[in-house]
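To start, the structure under review is shown below, and the notes come after it.
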């Protein structure tokens, strides 16, 4: 999928993906102002095939987690090899990415910002600096900010007030969080159908 502006991608896929962090919660959100696909043919109706519907679900998942096609395919076959339902396994793998966990714990306003923090060596996992956004966390891992930042600290404190997911134990003062569990489909509200993705790759 070609990289494009987050707002256009939300409008194209017909769902709000929250790719721009706090901006998506304001009246400036392009999806709220223009909730139709971009382009001149936005008012034309057309029949969508089952394949197109399944493909769109995959594109939503890729856009949300910022994953390229080749990597996403690897995740799928890894999920397929594991015990249990492939769709749920896939969601668990995607959710366990370091950039996603950093975002979920309130340490970043978006996954894109989380990837920048990780790439700039702002993040430690179990005491060691990790600069790979796709690093997969496990239960019991401790994540900390390697560099203090007042703006990020204020954001974490605000996120703690709003409520942190139950699978994290966050210490806002020390700028750390511990992974208590890896969430599955029942724990997170995702705007895509993981079973449709399984059907797409199974054809």
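Counting only helices (runs of 4 or more DSSP H) that sit completely within region 26-84, those holding 3 or more residues that are under 21 Å from the mean Cα position of the chain (by Cα) and either at pLDDT 65 or above or within 19 Å of residue 99 (Cβ to Cβ) (or both) correspond to 50-65, 69-81. For the structure I just gave you, tell me whether residue 147 is in contact (Cβ under 8 Å) with a residue 12 or more places away in the chain, part of a loop (DSSP other than H, G, I, E, B), more than 21 Å from the chain's Cα centre (by Cα) and under 17 Å from residue 98 (Cα atoms). So residue 147 passes the test. Going by the conditions given, is residue 152 closer than 21 Å to residue 109 by Cβ and touching a residue at least 40 places away in the same chain (Cβ under 8 Å)? So residue 152 passes the test. Which residue is surrounded by the fewest Cβ atoms within 10 Å (Cβ to Cβ), if the candidates are limited to region 99-124 and must be touching a helix residue (DSSP H, G or I) at 6+ places or on another chain (Cβ under 9 Å) and part of a loop (DSSP other than H, G, I, E, B)? The selected residue is 110.
Conditions tested, residue by residue: (1) closer than 30 Å to residue 52 by Cβ; (2) part of a loop (DSSP other than H, G, I, E, B).
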| position | (1), (2) |
| --- | --- |
| 87 | yes, no |
| 91 | yes, no |
| 94 | yes, no |
| 152 | no, no |
| 166 | no, yes |
| 177 | no, no |
| 186 | yes, yes |
| 191 | yes, yes |
| 198 | yes, no |
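Are any of the residues in region 103-111 touching a residue at least 40 places away in the same chain (Cβ under 8 Å) and farther than 18 Å from residue 172 by Cβ? Within region 103-111, one or more residues are touching a residue at least 40 places away in the same chain (Cβ under 8 Å) and farther than 18 Å from residue 172 by Cβ. Among the residues of this structure, residue 176 counts as one that is in contact with a strand residue (DSSP E or B) (Cβ under 6 Å, 6 or more places away or on another chain) and surrounded by 12 or more Cβ atoms within 10 Å (Cβ to Cβ). Inclusion of residue 133 among residues that are assigned to a loop (DSSP other than H, G, I, E, B) and at pLDDT 95 or above is warranted.
The values are calculated or read from the model by the stated rules, or taken from the named source; none is laboratory data. As the structure is a computational prediction, the values presented were derived from the model and not from experiment. Heads up, the Cβs are rebuilt from the backbone with ideal geometry, glycines too, and the neighbour counts pull from every protein chain shown.
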